[in-house]
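*Asks:* I have a structure here, written as structure tokens, and I will follow up with some questions on it.
The values are calculated or read from the model by the stated rules, or taken from the named source; none is laboratory data. What you see is a predicted model; the values in this text were computed from it and never measured. Methodologically, a virtual Cβ is constructed for each residue, glycine included, from the backbone with ideal geometry; neighbour enumeration extends over all protein chains shown.
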Amino acid sequence: MTAHDLTSCSSISRRNFLRSASVVLATGPILTEAHFAYAARLETSAVPEFSMNGIYLDANENPLGPSENARKAMANILPNGGRYAPPLYFELLKLSAEQMAVPTDHVAVYPGSSAPLHYTVLSFVSPSKSLVCGNPTYEAAQRAAEVAKAPVRAVPLAKDYSHDVRAMAKADPNAGLIYICNPNNPTGTITTKEDIDWLLANKPPGAVVLIDEAYIHLSDAASAIAHVKAGKDVVVLRTFSKIYGMAGIRCGFAIGRPDLLKKLDNYGQPGMPITGMIAAQASLIDPDLVPMRKKIIADTRNDTFAWLKANDYSFIPSQSNCFMIDVKRPGPQIRALMAQDGVHIGRSWSAWPNYVRVTVGLQSEMDAFKTSFKKAMDTPANAFNDANPKERVGTARSPILS
Ligand SMILES: Cc1ncc(COP(=O)(O)O)c(C=O)c1O
């Protein structure tokens, strides 16, 4: 990038490089899926240490990892790892804004979407302004609301497992933030464009809607970025941790009106790894990557669903890389039994203690899942040795969490 380019990016540089000179407010811990998954793993697994050898279907990771192009780009840039490389930041910002057709000052780049999720909650809730969210949903927003000592109104999902936007809009006239995870984690279910449009038109005045699109590329859900373009009170989150397979590399975006994004800056401006920036860029310019991976993951998911159906297991159809199975007994029992086979499935939520979340892995991993799951389900419930898991569902705290 030339000096001219830098000058022409001066509005970007002012906002993103000198984003909040003055106050950084107390944030509390930023929790990620890795924290929640690891905490649950410690409840049921005899192996507290992380090992790469087992089959891990518990953290909604993408076993395909970064794309070939992203790997090459990272290998090429490694010798420059001693640099902060701000031009890369501007290039990524420009590219992503162009692709999403929003102005560059409507995008902020982060190392993943956990930080902007946490900061958005802190920015818009308070002891007198609640967080409204689905139930069950991804826990990070609620944990951030706890940091802010804000009330949480957890609204059960609708019968079709979408967010019940009408109940959410009514949940609290003093709502500060309404969190919609679309597709939802853990159910992998969709909230329709019509419902999100309705929510934005009918939410309590002053409430901001946070649409977490971590899994959107895996599904046919419509993005809410159109509402950002329309100047609505909405922040959209995207991550490279899911379809792009970059959970360990780190990159994500917050997309919103500049006045909304500016509030997030008060809580911190985490630096970007150059590997994350260059791999994100290489992923975004690859037109085949998203459709190819969407199909691979859908094929594996549908194969697993066909098997579950054929074996009379009850599950919630999902459009994402995770789904819920009703194991008709406390979820940790099945998780603990499967962990003995080295197959680590995901946690249960307190709203649905008899369901477990399973991440879609490689076909070979799902084949191992089938064998281990059937074996665990065939184990009589009363034969279960409860000395192993602690029966704490949805409140998992590991040494990392506490
Ligand atoms: C719904 C949802 N939002 C956000 C995140 C944050 O992911 P990351 O910080 O890796 O971008 C996750 C991770 O699993 C998630 O499931």
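*Asks:* Within segment 201-222, which residues are without any contact (Cβ under 8 Å) to a residue 40 or more places away in the chain, within 16 Å of the ligand (Cβ to nearest atom), more than 24 Å from Ser128 (Cα to Cα) and out of contact with any Cys (no Cβ under 9 Å at 6 or more places or on another chain)?
*Replies:* Ile216
*Asks:* Could you please let me know if Lys295 is surrounded by fewer than 16 Cβ atoms within 10 Å (Cβ to Cβ), over 19 Å from the mean Cα position of the chain (by Cα), more than 16 Å from the ligand (Cβ to nearest atom) and not in a loop (DSSP other than H, G, I, E, B)?
*Replies:* Details: surrounded by fewer than 16 Cβ atoms within 10 Å (Cβ to Cβ): yes; over 19 Å from the mean Cα position of the chain (by Cα): yes; more than 16 Å from the ligand (Cβ to nearest atom): yes; not in a loop (DSSP other than H, G, I, E, B): yes.
The answer is yes for Lys295.
*Asks:* A further question follows. Is it the case that segment 214-221 has a residue that's farther than 23 Å from Trp352 by Cα and surrounded by 24 or more Cβ atoms within 10 Å (Cβ to Cβ)?
*Replies:* yes
*Asks:* Right, another one. So which residues in segment 217-255 are over 17 Å from Leu284 (Cα atoms) and part of a loop (DSSP other than H, G, I, E, B)?
*Replies:* Ser219, Asp220, Ala221, Ala222, Ala224, Ala230, Gly231, Lys232, Asp233, Gly248
*Asks:* Restricting to segment 99-124, name every residue that is away from the ligand (no atom under 16 Å from the Cβ) and of a type in the set (Val, Ile, Thr).
*Replies:* Within segment 99-124, Val102, Thr104 qualify.
*Asks:* Would you tally the residues in segment 123-158 being more than 17 Å from Trp349 (Cα to Cα) and assigned to a loop (DSSP other than H, G, I, E, B)?
*Replies:* 7
*Asks:* Sticking with this one: Does Pro29 count as part of a loop (DSSP other than H, G, I, E, B), surrounded by fewer than 21 Cβ atoms within 10 Å (Cβ to Cβ), at pLDDT 95 or above and within 19 Å of the chain's Cα centre (by Cα)?
*Replies:* Taking the combined requirement at face value, the residue does not satisfy it.
*Asks:* Looking at segment 86-118 only, could you name the residues that are within 23 Å of the chain's Cα centre (by Cα) and either among the basic types (Lys, Arg) or not in a helix (DSSP H, G or I) (or both)?
*Replies:* Answer for segment 86-118, where residues must be within 23 Å of the chain's Cα centre (by Cα) and either among the basic types (Lys, Arg) or not in a helix (DSSP H, G or I) (or both): Ala101, Val102, Val107, Ala108, Val109, Tyr110, Pro111, Gly112, Ser113.
*Asks:* Would you confirm whether any residue within segment 37-57 is modelled with pLDDT of 85 or more, within 30 Å of His344 (Cβ to Cβ) and more than 16 Å from the ligand (Cβ to nearest atom)?
*Replies:* Checking segment 37-57: at least one residue is modelled with pLDDT of 85 or more, within 30 Å of His344 (Cβ to Cβ) and more than 16 Å from the ligand (Cβ to nearest atom).
*Asks:* Does Ala282 satisfy being among the aliphatic types (A, V, I, L, M), at pLDDT 95 or above and surrounded by fewer than 19 Cβ atoms within 10 Å (Cβ to Cβ)?
*Replies:* Spelling it out, it is not the case that Ala282 is among the aliphatic types (A, V, I, L, M), at pLDDT 95 or above and surrounded by fewer than 19 Cβ atoms within 10 Å (Cβ to Cβ).
*Asks:* So, one more: Which numbered condition in (1) small (Gly, Ala, Ser); (2) out of contact with any strand residue (DSSP E or B) (no Cβ under 9 Å at 6 or more places or on another chain); (3) modelled with pLDDT of 95 or more is the only one that Gly271 fails?
*Replies:* Failed condition: (3).
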